[in-house]
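The values are calculated or read from the model by the stated rules, or taken from the named source; none is laboratory data. These numbers come from a predicted model, not from an experiment. Methodologically, a virtual Cβ is constructed for each residue, glycine included, from the backbone with ideal geometry; neighbour enumeration extends over all protein chains shown. Areas reflect the complete protein model, heavy atoms only, side chains present, ligands, DNA and RNA absent. Shrake-Rupley method; radii C 1.70, N 1.55, O 1.52, S 1.80 Å.
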Amino acid sequence: HQVYCKLVAISCIIANMNQPQTDIRAVLKSSGYKLTTQRLAVFNLLKNGDALTMQEIYGQIKHQSDRASLYRTIKLFEDLGIVQRINIGWKYKLELSDKFLVHHHHLSCTKCHRVETISESDLEVFINRLAERYRFKPLTHQVEIQGLCFSCTRLNNNLA
């Protein structure tokens, strides 16, 4: 019975992770900020789910904003938990947080910097069991596996 209850609790946690909140206006308003045209442009750009570099974001909104304003917007979004960084070596990409996208993890290619999104419920169960074993209450987590994607692996094998 106790094992069953733990599995139900883990399933509920996973289900809640998969219920993204999509109201950017409410998140900003609750912290005393307004939804400006630039903030909405950045949010909409990231809403498609692709992780982007600052350069990629700026390249797509430079007609609406200068670089300094973009950095301030991203800083605000990070502070409010709207976006999160995906670290790839010393570089990073940005994506919307779990408040706005379904909870997921990443495979990051260290050569071409391609980021692949993965959603594996078995991984979530493992993380929760691990935390339980150490009597740790997880609030959030992010798993990123770094290595070489299929294309870069194939290219390396052809060069060898």
Scan the range 68-85 and tell me whether some residue there is touching a strand residue (DSSP E or B) at 6+ places or on another chain (Cβ under 9 Å) and more than 21 Å from residue 28 (Cβ to Cβ). no
Over the range 112-160, the set of residues among the small types (Gly, Ala, Ser) and under 22 Å from residue 91 (Cα atoms) is 147, 151
Count of the range 139-160 residues which are in a loop (DSSP other than H, G, I, E, B) and open to solvent by less than 50 Å² (accessible area, probe 1.4 Å): 3
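Results for (1) hydrophobic (A, V, I, L, M, F, W, C); (2) under 22 Å from residue 23 (Cβ atoms); (3) in contact (Cβ under 8 Å) with a residue 40 or more places away in the chain, shown as yes or no for each residue.
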| position | (1), (2), (3) |
| --- | --- |
| 47 | no, yes, yes |
| 53 | no, no, yes |
| 60 | no, no, no |
| 63 | no, no, no |
| 66 | no, no, no |
| 71 | no, no, no |
| 75 | no, yes, no |
| 85 | no, no, no |
Considering each residue of the range 27-44, count those that are in a helix (DSSP H, G or I) and among the aromatic types (Phe, Trp, Tyr), and give that number. 1
When you check residue 115 against the structure, is it in contact (Cβ under 8 Å) with a residue 40 or more places away in the chain and in contact with a Ser or Thr (Cβ under 6 Å, 6 or more places away or on another chain), yes or no? yes
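For residues in the range 36-49 being at negative phi and surrounded by fewer than 13 Cβ atoms within 10 Å (Cβ to Cβ), which is modelled with the lowest pLDDT? Let's see the steps before the verdict.
From the range 36-49, those at negative phi are 36-48; that's our starting set.
Then keep just the ones that are surrounded by fewer than 13 Cβ atoms within 10 Å (Cβ to Cβ); that gives 37, 44, 48.
Working: 37: 91, 44: 92, 48: 82.
Among them, the one singled out is 48.
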